[in-house]
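Structure first, commentary second.
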Amino acid sequence: MILVADCGSTKIDWCLLNNQKVEKQVFTMGMNAVMLTEEEIRLRIAEELVPELTGYPVEEVYFYGAGCISEEVCSNVARAIRSNFSDNIKVEVHTDLLAAARALFGHKPGIACILGTGSNSCYYDGEKIVDNVSPLGYILGDEGSGAVLGKLLLGDILKNQLPQEICTKFLKQYDLDRLAIIRRVYKEPQANRFLASVTPFLLENIDCPEIHELVLNAFKAFFKRNITQYPHYDTLKVNFIGSIAHYFRSVLEEAAEANGCTIGNIIKSPMEGLIKFHTA
């Protein structure tokens with residue numbers, strides 16, 4: 001049996017495949033592999049996953065994860081997995097960006113993008129990632145991401161760049177004031193998640209011209225600073241994974257057209273595509 005894992009910071013989606021069918025699906029606590037030791041990863045798998053797979057002969061594991069960005073980290077994850085199953089099983093550990101590319105394009109070339117809390121992109125040749133413009137995180141980059149959209153929204157509200165009724169509506173709806181926002185951004189952990197958590201307000205008020213312009217300009221920046229650096233960006237399909245891309249598709253398409261790009265497929269999660277990739 002083949003075990004495929006899509007690992008994010010919030011949750012890990014494990015799918016056990018048997019003869020091209022999903023035998024079992026398990027959800028465990030998410031993790032960023034670069035933030036954990038090999039032993040911590042091993043313990044999490046032992047406590048949360050292994051009891052759910054008792055009696056199922058796992059022969060191959062394909063793990064795609066946030067933080068799996070170096071050979072050292074990938075090796076740590078692979079050893080942690082083997083120690084919970086068998087030293088003889090096949091284990092491959094890859095980045096979540098390769099998961100996006102394989103889920104979106106299979107064995108065809110294209111430009112694969114992630115647009116959720118953070119953002120990322122790559123040029124995929126149908127087998128491997130051959131180019132990647134570094135996302136740089138929400139302070140230096142992550143254009144078009146939920147965190148950056150939230151950052152722009154909060155900045156415009158606090159600097160009175162949006163209509164007063166919009167500012168008042170937001171502060172009341174989220175029960176926030178200037179000091180609370182400053183504290184959440186600068187004093188408390190996981191500011192990126194807090195920033196991304198306010199993006200539903202943008203979607204709810206997308207018909208407001210100022211809100212629409214904010215979102216459109218953020219997406220234009222994503223294409224200009226990332227996608228247009230890849231070869232053949234104007235002829236290849238640009239496909240997306242992530243909630244921001246899914247819910248803001250119409251504005252994203254406007255931004256793509258403004259930069260001479262063509263959006264193809266947009267999906268919220270890579271697992272369905274990964275299942276097809278590993279059972280083809």
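Being modelled with pLDDT of 95 or more, closer than 15 Å to CYS113 by Cα and in a helix (DSSP H, G or I): is that true of PHE219 here? I'd like the intermediate steps shown before the answer.
Details: modelled with pLDDT of 95 or more: yes; closer than 15 Å to CYS113 by Cα: yes; in a helix (DSSP H, G or I): yes.
When the stated conditions are applied, PHE219 passes them.
Would you mind stating whether ALA112 is open to solvent by less than 10 Å² (accessible area, probe 1.4 Å) and either in a strand (DSSP E or B) or closer than 24 Å to LEU97 by Cα (or both)?
Spelling it out, ALA112 is indeed open to solvent by less than 10 Å² (accessible area, probe 1.4 Å) and either in a strand (DSSP E or B) or closer than 24 Å to LEU97 by Cα (or both).
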- Qualifying residue in the range 190-197 (condition: exposed (fewer than 15 other Cβ atoms within 10 Å of the Cβ), under 16 Å from the mean Cα position of the chain (by Cα) and not in a helix (DSSP H, G or I)): yes
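Show me the strands (runs of 3 or more DSSP E) found entirely inside the range 1-102 where at least 1 residues are open to solvent by less than 10 Å² (accessible area, probe 1.4 Å) and in contact (Cβ under 8 Å) with a residue 60 or more places away in the chain. Please lay out each step first, then the result.
Numbers: elements: 2-7, 11-18, 21-29, 60-65, 90-95.
Hits in the range 1-102: 2-7, 11-18, 60-65.
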- the range 115-128, residues that are touching a His at 6+ places or on another chain (Cβ under 9 Å) and either open to solvent by 30 Å² or more (accessible area, probe 1.4 Å) or assigned to a strand (DSSP E or B) (or both): LEU115, TYR123, GLU127
- Task: Look at the range 256-280 and say how many of its residues are more than 15 Å from VAL22 (Cβ to Cβ), open to solvent by less than 30 Å² (accessible area, probe 1.4 Å) and touching an Asp or Glu at 6+ places or on another chain (Cβ under 8 Å).
- Result: 2
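Among the residues of the range 227-280, write down those that are of a type outside the set (Gly, Ala, Ser) and in a loop (DSSP other than H, G, I, E, B).
TYR230, PRO231, HIS232, TYR233, ASP234, THR235, LEU236, PHE248, ASN259, CYS261, LYS268, PRO270
Got a sec? Which of GLU204, GLU253, GLU213, GLU165 is in contact with a strand residue (DSSP E or B) (Cβ under 9 Å, 6 or more places away or on another chain), open to solvent by 50 Å² or more (accessible area, probe 1.4 Å) and at pLDDT 95 or above? Break it down into steps so the answer makes sense when it comes.
Numbers: GLU204 fails: in contact with a strand residue (DSSP E or B) (Cβ under 9 Å, 6 or more places away or on another chain); GLU213 fails: in contact with a strand residue (DSSP E or B) (Cβ under 9 Å, 6 or more places away or on another chain); GLU165 fails: in contact with a strand residue (DSSP E or B) (Cβ under 9 Å, 6 or more places away or on another chain).
The match here is GLU253.
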- Item | Options LYS172, LYS151; residue that is of a type in the set (Lys, Arg), surrounded by 15 or more Cβ atoms within 10 Å (Cβ to Cβ) and outside any loop (DSSP other than H, G, I, E, B) | LYS151
- Message: List pairs: first residue in the range 142-165 and over 19 Å from ASP207 (Cα atoms), second residue open to solvent by 30 Å² or more (accessible area, probe 1.4 Å) and among the hydroxyl-bearing types (Ser, Thr, Tyr) anywhere in the structure, Cβ distance under 9 angstrom, at least six positions apart or on different chains.
- Response: ASP142/THR117; SER145/THR117; SER145/TYR138; ALA147/THR117; ALA147/TYR138; VAL148/TYR138; LYS151/TYR138
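The values are calculated or read from the model by the stated rules, or taken from the named source; none is laboratory data. Keep in mind the model is a prediction, meaning the values are calculated, not measured. Glycine gets a Cβ as well: all are built from the backbone with ideal geometry, and neighbour counts include every protein chain shown. All accessible areas refer to the heavy atoms of the entire protein, side chains included, with ligands and DNA or RNA removed. Shrake-Rupley method; radii C 1.70, N 1.55, O 1.52, S 1.80 Å.
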